[in-house]
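Asks: Dropping the structure in here first, questions after.
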Amino acid sequence: MNLLEVCNLRKSFGNLVAVEDVSFSVAAGEVFGLLGPNGAGKSTTMNMVVGLLAPDSGVIRLEGKELAPNNRELRTILGVVPQDLAIYPDLTARENLDFFGRLYGISGKTLKQRINEALERTGLTARANDRAETFSGGMKRRLNFGVALLHRPRLMILDEPTVGVDPQSRAHLLDCVRALSAEGVGAVYASHYMEEVEALCARVAIVDRGRVLACDHLQTLLGRLSADLCLRVSRPTNGLAAKLGRFGRIESGHNGSATIVIPREQSDEKDRLNETLGQILELLDQSHVDLRGVKTNDANLERLFLQMTGSRLRD
């Protein structure tokens, strides 16, 4: 049984449809990636998952039980790390954890133990008695993360948990997510950082304009992309560009330069690729055009996202 099942969610605000027919699931121990540009419907979807918004239609199930916005008991399964910091700057790290722990209904020795565990996990033990306003951005993010762990949730909702943090804090937070996953905690991970999603997530959903464009295992999605070979050349004439066009796609660059993109199907066989490159280099030499660079377009999430949405993730 999945920890989370999101089935055909729809949500509109007046005439604006924010989410349309969104479905996905998250299993125990799985880190599920949610990618989409600003305005794609990610935050609306996550607000429905945590019970802050009621969907117009569709169903959300936590551990097989349908979630209603007023079902507080079922929502205790969730640990939420919001994009906007949800800590009090004038309280110490320990006081913040104590306050939120009491809101969760934890007290006494259990609360003290949970606070110490959260401080240890987030690397804040040495700063436990310092006020949060003195913390770096990364430390505040780690404290924000620690708050969500106090009640030992079985499913984490992580909305841009590493925005604006230093590299050390980012690495620490990613390690925290991996450790929780190893303990069987599931997670929905929304991030603008492609490399984080590639490092953490086995499955990914790409969302745009309120719809899921693709949802599958990461390697399956990346398999849609070809590892094209790209040769950048300086200022080819129209006649040369026409001759080079029979080898692949020609893309215009800066200052009159161009890139020859050789599709994967032409480079699958080593001998054929060598023959193709030899012919291209001979044409360049005859035309006195320089080869400025060679690279392979590796399959990655950024290329896939751009191909599917036509926009970069930070748009």
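The values are calculated or read from the model by the stated rules, or taken from the named source; none is laboratory data. Quick caveat, the model's predicted, so the values are computed rather than measured. Neighbour counts run over all protein chains shown; Cβ positions are idealised from the backbone, glycine included. Protein only, heavy atoms only, side chains kept; ligands, DNA and RNA dropped before computing areas. Shrake-Rupley method; radii C 1.70, N 1.55, O 1.52, S 1.80 Å.
Asks: Once you mark the GluC sites (Glu not before Pro) that are in a DSSP loop and have at most 11 other Cβ atoms within 10 Å, what is the longest gap between them in the chain?
Replies: Maximal segment without exposed cleavage sites: 1-182.
Asks: Between rounded, prolate and oblate, where does the stretch 59-141 land on the alpha carbon gyration tensor, with a ≥ b ≥ c its root eigenvalues, rounded for a/c under 1.5, else prolate if a/b exceeds b/c?
Replies: prolate
Asks: Separate question: Rank these residues by their accessible area, most exposed first, probe 1.4 Å: 48, 139.
Replies: Result, largest first: 139, 48.
Asks: Another question, then. Would you compute, from DSSP H runs of 4+ residues alone, the mean residue ellipticity of the chain at 222 nm, taking -39500 (n - 2.57) per run and dividing by the full residue count, rounded to the nearest 500?
Replies: One gets -10500 deg cm²/dmol as the mean residue ellipticity at 222 nm.
Asks: Just read off the accessible area of residue 193 with the full protein assembly in place, 1.4 Å probe, to the nearest 10 Å².
Replies: Counting only protein heavy atoms, residue 193 exposes about 40 Å² to solvent.
Asks: Local charge sum around residue 117 (other residues, Cβ-Cβ under 14 Å, Lys/Arg +1, Asp/Glu -1)?
Replies: With Lys, Arg at +1 and Asp, Glu at -1, the net is +4.
Asks: Counting only protein heavy atoms and using a 1.4 Å probe, what share of the accessible area of the chain belongs to carbon plus sulfur, as a whole percent?
Replies: Solvent-exposed carbon and sulfur of the chain make up 46 percent of the total.
Asks: Please report the accessible area of residue 287 (heavy atoms, 1.4 Å probe, ligands and nucleic acids excluded) in Å², nearest 10.
Replies: Its heavy atoms expose roughly 50 Å² to the probe.
Asks: If you don't mind, there's one more thing I want to ask. For every other residue with a beta carbon closer than 12 angstrom to the beta carbon of residue 82, add +1 if it is Lys or Arg and -1 if Asp or Glu, then tell me the sum.
Replies: -2
Asks: I'd like the projected area of the stretch 109-223, averaged over all directions, using the convex hull of its alpha carbons. Report it in nm² with one decimal.
Replies: 8.4
Asks: Here's a follow-up. Determine the distance separating the Cα centre of the stretch 190-225 from the Cα centre of the stretch 16-68; give it in Å without decimals.
Replies: 15
Asks: Simple spin-label model, 7 Å along Cα-to-Cβ: residue 84 to residue 70 in nm?
Replies: For the pair residue 84/residue 70, the computed spacing is 2.5 nm.
Asks: Run the numbers for residue 243 and residue 116: contour at 0.36 nm per residue of separation, minus the present Cα-Cα distance, in nm.
Replies: 38.9 nm
Asks: When 1/r is averaged over all different Cα pairs and the result inverted, which Kirkwood radius in Å belongs to the stretch 63-102?
Replies: 12.4
Asks: Taking the solvent-accessible surface of protein heavy atoms with a 1.4 Å probe, what is the per residue accessible area of the stretch 154-303 in Å²?
Replies: Per residue, the stretch 154-303 has an accessible area of 52 Å².
Asks: Further, regarding this structure: Excluding residue 108 itself, calculate the net charge of residues whose Cβ lies under 14 Å from the Cβ of residue 108, where each Lys or Arg counts +1 and each Asp or Glu counts -1.
Replies: Charge balance in the 14 Å sphere: +3.
Asks: What are the lysines whose alpha-carbon lies under 27 Å from the alpha-carbon of residue 109, with same-chain residues fewer than 8 places away excluded?
Replies: Qualifying lysines at Cα under 27 Å: 140.
Asks: If one puts a single equal scatterer on every Cα of the stretch 43-199 and applies the Debye formula without solvent, what log₁₀ I(q)/I(0) results at q = 0.10, 0.12, 0.13, 0.21 Å⁻¹?
Replies: Relative scattering, expressed as log10 I(q)/I(0), comes to -0.35, -0.51, -0.60, -1.45.
Asks: Also: On a full-extension model of 0.36 nm per residue, what is the gain between residue 134 and residue 59, subtracting their alpha-carbon distance, rounded to one decimal in nm?
Replies: Contour length minus the Cα-Cα distance gives 22.7 nm.
Asks: Here is a further query. With no solvent and one point per C-alpha, what does the Debye sum give as log10 I(q)/I(0) for the stretch 184-286 at q = 0.12, 0.19 Å⁻¹?
Replies: Debye output, listed in q order: -0.62, -0.92.
Asks: Moving on to the next point. Out of (i) 26, 23, 19; (ii) 43, 25, 18; (iii) 47, 23, 17, which label holds the value of semi-axes √(5λ) of the Cα gyration tensor in Å that was computed here?
Replies: Calculated semi-axes √(5λ) of the Cα gyration tensor in Å: the matching label is (iii).
Asks: While we're here: For residue 252 and residue 273, FRET efficiency with R0 = 30 Å and r from the beta-carbon atoms, rounded to 0.05?
Replies: Step by step, r from the Cβ atoms, then E = 0.80.
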